[in-house]
Amino acid sequence: MVVRTIVRLTLATLFGSRRGLLLYILPAVFVGLCVLLALTVDDKSGLQVALLQQFGLAVILPLVALVAGTGAIASEIDDGSIVYLLSKPIKRSTIILTKAVVAVGVVLVVGALPLLLAGVVLDPHDLTTAVAFSTGALVAGIAYVAIFVALSVFSGNAVTIGLIYCLLWESVMGQYVDGAKVLSVQQWSLALISNLTDAPRVESAVKLPIATILLLAVTITALTLAITKLRSLILSTAE
């Protein structure tokens with residue numbers, strides 16, 4: 001019952017606000033663009049990989065994860081409604097982990113699956129690459145959600161900070177600056193994608209074993225910090 005209540009409240013928060021419209025608009029724009037290009041571009045060689053990597057994985061996915069990750073808890077902290085949950089005898093780890101799981105589910109539906117659909121639209125004969133990018137997107141989405149949930153608990157400006165991170169670090173630095181690539185979630189997911197497909201120009205600056213360790217480390221650390229910080233919010237509220 002407790003978990004179901006948290007899930008219901010989180011979904012209502014995510015899809016009940018104007019910001020939640022982005023969860024529909026972003027994937028719709030991406031898939032629509034892919035359909036348009038698939039119908040109008042004659043030479044489609046490399047188009048699938050280019051769009052999935054440079055637009056889907058580097059731009060759309062981080063933004064969807066930002067909306068889902070911050071929306072899962074930030075608005076409740078901002079308007080004080082989080083006190084409803086904090087006043088109940090619920091483990092703070094249960095609150096954070098349940099909200100993170102809901103956000104990951106949202107990322108799967110409006111982030112990873114649209115990449116799969118876009119990949120199929122762009123090249124119906126290469127389903128392997130479409131599935132590889134969709135899988136990599138889900139893995140990256142888990143790490144992004146953990147980061148943004150933690151950021152929401154620590155800062156009242158989580159959306160602004162997260163937006164700068166998505167557009168500057170992941171979309172620009174993570175693609176084009178060699179030193180920054182090693183610390184990019186996008187590059188870590190590309191390490192997995194490159195091992196799932198033989199498509200050309202799918203490369204990562206990080207080897208898969210290191211990428212796996214970094215993804216797990218970032219996800220676990222971010223969620224642990226979020227749980228720890230939420231416990232301190234309880235003490236502050238009580239005082």
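Run the Debye formula on the Cα coordinates of the stretch 108-239, all scatterers equal and no solvent, and tell me log10 I(q)/I(0) at q = 0.13 1/Å. Taking Cα atoms of the stretch 108-239 as identical point scatterers yields -0.61. Eigenvalues of the alpha-carbon gyration tensor of the stretch 158-233, scaled by 5 and square-rooted, set the equivalent ellipsoid semi-axes at 26, 16, 9 angstrom, largest first.
The order of W169, W188 by accessible area, most exposed first and with a 1.4 Å probe, is W169, W188.
Simple rule: put +1 on each Lys or Arg Cβ and -1 on each Asp or Glu Cβ in the chain, find the dipole, and look at L9, A65, S184; the Cα lying farthest toward the positive end is L9. Rounded to the nearest Hz, the phi-derived 3J(HN,Hα) couplings of the stretch 92-101 under the Karplus curve 6.51 cos²θ - 1.76 cosθ + 1.60 (θ = phi - 60°) are 5, 5, 5, 4, 5, 5, 5, 5, 5, 5, where x marks glycine and proline.
Electrostatic bookkeeping for L11 treats Lys and Arg as +1 and Asp and Glu as -1; over the other residues with beta carbon under 11 Å from its beta carbon, the sum is +3.
When a 1.4 Å probe is rolled over the protein heavy atoms, the share of accessible surface on the chain that falls to carbon and sulfur comes to 69 percent. The equivalent ellipsoid of the stretch 1-97 has semi-axes of 38, 12, 10 Å, largest first, where each one is the square root of 5 times an eigenvalue of the Cα gyration tensor. Its Cα centre serving as origin, the chain has a Cβ charge dipole (Lys and Arg +1, Asp and Glu -1) of approximately 900 debye. Entry comment: accessible area of the stretch 1-130 is 46 Å² per residue, from protein heavy atoms only and a probe of 1.4 Å. Axis angle, to the nearest 10 degrees, between helix 113-122 and the longest C-alpha principal axis of the chain: 10 degrees. Modelled this way, with points 7 Å down the Cα-to-C-beta line, the labels at S232 and V172 are 3.1 nm from one another. In percent, rounded to a whole number, the relative contact order of the chain is 24, using alpha-carbon pairs under 8 Å and six or more apart. The long axis of helix 185-196 is offset from the longest Cα principal axis of the chain by roughly 50 degrees. Relative to the longest principal axis of the Cα atoms of the chain, the long axis of helix 61-71 lies at roughly 10 degrees. In percent, what relative contact order does the stretch 131-239 have, based on Cα pairs under 8 Å that are 6 or more apart in sequence? With pairs under 8 Å counted, the relative contact order is 35 percent.
Starting from a Cα-only point model with no solvent, please compute log10 I(q)/I(0) by Debye for the stretch 66-138 at q = 0.18, 0.23, 0.26 1/Å. Calculated log10 I(q)/I(0) at the listed q: -0.73, -0.95, -1.08.
Considering only Cα atoms, the convex hull volume of the chain works out to 118 Å³ per residue. Once the chain from F15 to V35 is taken as fully extended at 0.36 nm per residue, the excess over their C-alpha distance is 4.6 nm. Rg over Rh for the stretch 57-185 works out to 1.04, both radii taken from alpha-carbon positions and Rh defined as the Kirkwood radius.
The values are calculated or read from the model by the stated rules, or taken from the named source; none is laboratory data. Keep in mind the model is a prediction, meaning the values are calculated, not measured. Cβ sites come from the backbone with ideal geometry, for glycine too, and all protein chains shown count toward neighbours. Surface accessibility is based on the protein's heavy atoms, side chains included, excluding ligands, DNA and RNA. Shrake-Rupley method; radii C 1.70, N 1.55, O 1.52, S 1.80 Å.
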